[in-house]
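Have a look at the structure below before the remarks.
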Amino acid sequence: MASTALAPAANLKQPNVIGVCFKEAKYEFLKNLRFPMFSVSTVVLPIMFYVLFGLIMGHQAIGGIGVTTYLIPAYGTFGVIGASLFGTAAGLASERGFGWLEVKKASPMPTLAYFFAKIVMSMIFSATDVLLLLLLGATFGGVHLPALVTFKLLLTLVAGSLPFCAMGLALGYFAGPTSAPALINIFYLPMSFCSGLWIPFMFLPKFVQRVAVYLPAYHLSQLAFHLVGAGTGIAAKTHWEALIGFALICLGVARIGYQRDQRARA
Amino acid sequence: MATLEMFPAIDKVSRDRAALMNNVSKNYGPVQALKDFNLEVRAGELTAVLGPNGAGKTTAIKLLLGLVRPNSGRVSVLGGNPANAATRLRIGAMLQVGRVPETLRVREHVDLFSSYYPEPLPRSETLAIAGIENLRDRKFGDLSAGQKQRVLFALAICGNPDLLFLDEPTVGLDVEARRLLWDEIRNLVAGGKTVVLTTHYLEEADALADRVVVINKGSIIAQGTPAEVKARTAGKKIRCFTQLTATLIRNLPGVADVQEDRGTTVIHTSRPEDVLRELFRRDSQISGLEVAGAGLEEAFLALTQEKVN
């Protein structure tokens, strides 16, 4: 009986890793969708800003284009960053701190699936933000963007979610399980202000503008502004390079955190 | 030398042995959680690791799951390294966890964990075994403590694993729920599964285990069948004033332990009649005599203290 209890491992087939990744992503999405602190704040906040400052108050033009158009890249970037940081860092910090990640690690879950799920979920919420802004702008704000521009804007901002997911992973490995949201906001809100997501960049004090070029939010928003004709004339390539460099640094920090967790158990 | 190398091909010995810890020591900084720890888990049996809080039970489970690595010694599970993906496919684990994602429904948690395994049980069977069919559409955050434990149990068994680790599975359960879970665990062992369970209830180890390993402060202090361990613990406590020295009493036949307590002498014994006969014979002045049955928990405490003193 003992020998029947333990069949040789060789005849076990491996589960489908890609299938597991997508199932993990599906439940990560449902989990966050049903968690109002995440879903409401990441979707409603940028939309509310757009309605208040764009649709209700804005009848002027900024940098040669209408306010309702200008604010789509601005609040789009703001929404994408929020969804990406909270989508990765808050969950990771809490699941690390309260032992759920350990339960998952004890299971045969492929490690890749865990991170894939958080990133895909963040990108879905990012895309939702941008699409809602575009929809509101087109229906109530008189925004007329060519289809190709609309598509490029969506693609740029959703791709731009990735460096902030990397930043979120880095934060998630160093934040405590309950302090993570506070820590995220300490980075998120000042960075958004200094990068011109709330107040147009040209109206910011000079020293803030000088700081902004070191912030990833500035580079992503400039890529988006450029698409709607409100760019500063700096080549897109420069902004992409800055974002990629930033993402690599964050991944390096996240890796240090990951290895620190491994060592703690060594 | 944290080594996990040299796993022999599956031979007869490793077929009958589901897991092995060989001279394992584990420190967390200055705290020594396990010291020269040896554990053999036989296939098809339920091994209970019994000990008070902080004894090192959870550390032993985490080592067997490959979640922590030993400072020295060797851990082998199903003939392989416990941290290997291939080993994990045949293992299920129920750990103590602070918070589980609360907005997912019970069936969704089960569906996700089932997908990690190559040949999981049908989802409905997992829910039935864990007794949570009626909770399938409830969100995890809406469950009671006992219901949450049963969902975690479901996640441990959903992959139809050969080897199951249950870390304090009945903590927070009421008596009825505990007995229900015991029945399920018994059924799994009867069906050929190997189970390693930690508990601080002697009663639980007694009810379920083929073999009991009693640990305290990171070391094994007793092991054997439940009957053997109980024989060492299920004794009587004699309290009296006597002139006899503790050393002399300790050498009397049947005496497990002797303690001095505020001028009285406390004797733990599994053969109270023999010990009393000897005491009366050697000390006619004996007074203040009390004989009390040591409760299971109390007897267990006596056993854990015995090795410390």
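The values are calculated or read from the model by the stated rules, or taken from the named source; none is laboratory data. Because the structure is a prediction, the values reported are computed rather than measured. Please note: Cβ atoms are built from the backbone with ideal geometry, for glycine as well, and neighbour counts cover all protein chains shown.
Evaluate the following for B:Ala86: is it in a strand (DSSP E or B) and at the interface with chain A (Cβ under 7 Å from one of its Cβ atoms)? Spelling it out, it is not the case that B:Ala86 is in a strand (DSSP E or B) and at the interface with chain A (Cβ under 7 Å from one of its Cβ atoms).
Which of (1) farther than 19 Å from A:Leu30 by Cβ; (2) within 13 Å of chain B (Cβ to nearest Cβ); (3) touching a Phe, Trp or Tyr at 6+ places or on another chain (Cβ under 7 Å) is the odd one out, the single condition A:Phe98 does not satisfy? (3) is the only condition that A:Phe98 fails.
From the list B:Glu125, B:Glu176, B:Glu119, pick out the single residue that is away from chain A (no Cβ under 12 Å), more than 21 Å from B:Leu208 (Cβ to Cβ) and not small (Gly, Ala, Ser).
On the way: B:Glu176 fails: more than 21 Å from B:Leu208 (Cβ to Cβ); B:Glu119 fails: away from chain A (no Cβ under 12 Å).
Answer to the selection: B:Glu125.
Pairs linking a residue in the range A:233-262 that is more than 17 Å from A:Ser221 (Cβ to Cβ) to a residue that is outside any helix (DSSP H, G or I) and modelled with pLDDT under 95, with Cβ atoms under 9 Å and 6 or more positions apart or on different chains, are A:Gln262/B:Arg69.
Residue count for the range B:37-67 under the criterion of being surrounded by 21 or more Cβ atoms within 10 Å (Cβ to Cβ), within 14 Å of another protein chain (Cβ to nearest Cβ) and assigned to a strand (DSSP E or B): the result is 3. Within the range B:162-187, residues that are touching a residue at least 60 places away in the same chain (Cβ under 8 Å) have Cβ atoms under 9 Å from residues that are in a helix (DSSP H, G or I) and surrounded by fewer than 14 Cβ atoms within 10 Å (Cβ to Cβ) in these pairs: B:Val171/B:Ala145, counting only partners at least 6 apart in sequence or on another chain. Scanning the range B:111-129 for residues that are buried (at least 20 other Cβ atoms within 10 Å of the Cβ) and more than 20 Å from B:Lys193 (Cα to Cα) yields B:Leu112, B:Ser115. Report the residue count in the range B:122-141 for those that are out of contact with any Pro (no Cβ under 8 Å at 6 or more places or on another chain) and in contact (Cβ under 8 Å) with a residue 12 or more places away in the chain. Number satisfying all stated conditions: 12. Residues in the range B:46-67 that are without any contact (Cβ under 8 Å) to a residue 60 or more places away in the chain and in contact with a Pro (Cβ under 8 Å, 6 or more places away or on another chain): B:Leu63, B:Gly66.
This table checks each residue for (1) of a type in the set (D, E, K, R); (2) in a helix (DSSP H, G or I); (3) within 30 Å of A:His226 (Cβ to Cβ); (4) modelled with pLDDT of 95 or more.
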residue	(1), (2), (3), (4)
A:Glu24	yes, yes, no, yes
A:Met37	no, yes, no, no
A:Val44	no, yes, yes, no
A:Leu55	no, yes, yes, no
A:Leu71	no, yes, yes, no
A:Glu95	yes, yes, no, yes
A:Ser122	no, yes, yes, yes
A:Ser126	no, yes, yes, yes
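Among the residues of the range A:134-145, those identified as modelled with pLDDT under 95 and either of a type in the set (Asp, Glu) or surrounded by fewer than 15 Cβ atoms within 10 Å (Cβ to Cβ) (or both) are A:Thr139, A:Phe140, A:Gly142, A:His144. The set of residues from the range B:139-152 being charged (D, E, K, R) and within 13 Å of chain A (Cβ to nearest Cβ) comprises B:Lys139, B:Asp142, B:Lys148. Scanning the range A:158-177 for residues that are part of a loop (DSSP other than H, G, I, E, B) and either under 13 Å from the mean Cα position of the chain (by Cα) or buried (at least 23 other Cβ atoms within 10 Å of the Cβ) (or both) yields A:Gly160, A:Ala175. All of A:Ala117, A:Ala138 fail the test of being within 18 Å of the chain's Cα centre (by Cα) and part of a helix (DSSP H, G or I), apart from A:Ala117. For beta carbons closer than 9 Å, sequence separation of 6+ or different chains, a first residue in the range A:1-27 that is facing chain B (nearest Cβ under 7 Å) and a second that is loosely packed, with under 12 Cβ neighbours inside 10 Å and modelled with pLDDT under 85, the qualifying pairs are A:Ser3/B:Lys12. The number of residues in the range B:70-83 being within 9 Å of chain A (Cβ to nearest Cβ), among the hydrophobic types (A, V, I, L, M, F, W, C) and assigned to a strand (DSSP E or B) comes to 0. Against the test of being under 18 Å from A:Phe29 (Cβ atoms), exposed (fewer than 15 other Cβ atoms within 10 Å of the Cβ) and either within 13 Å of another protein chain (Cβ to nearest Cβ) or in contact with a helix residue (DSSP H, G or I) (Cβ under 6 Å, 6 or more places away or on another chain) (or both), the options B:Glu133, B:Glu102 yield a single qualifying residue, B:Glu102.
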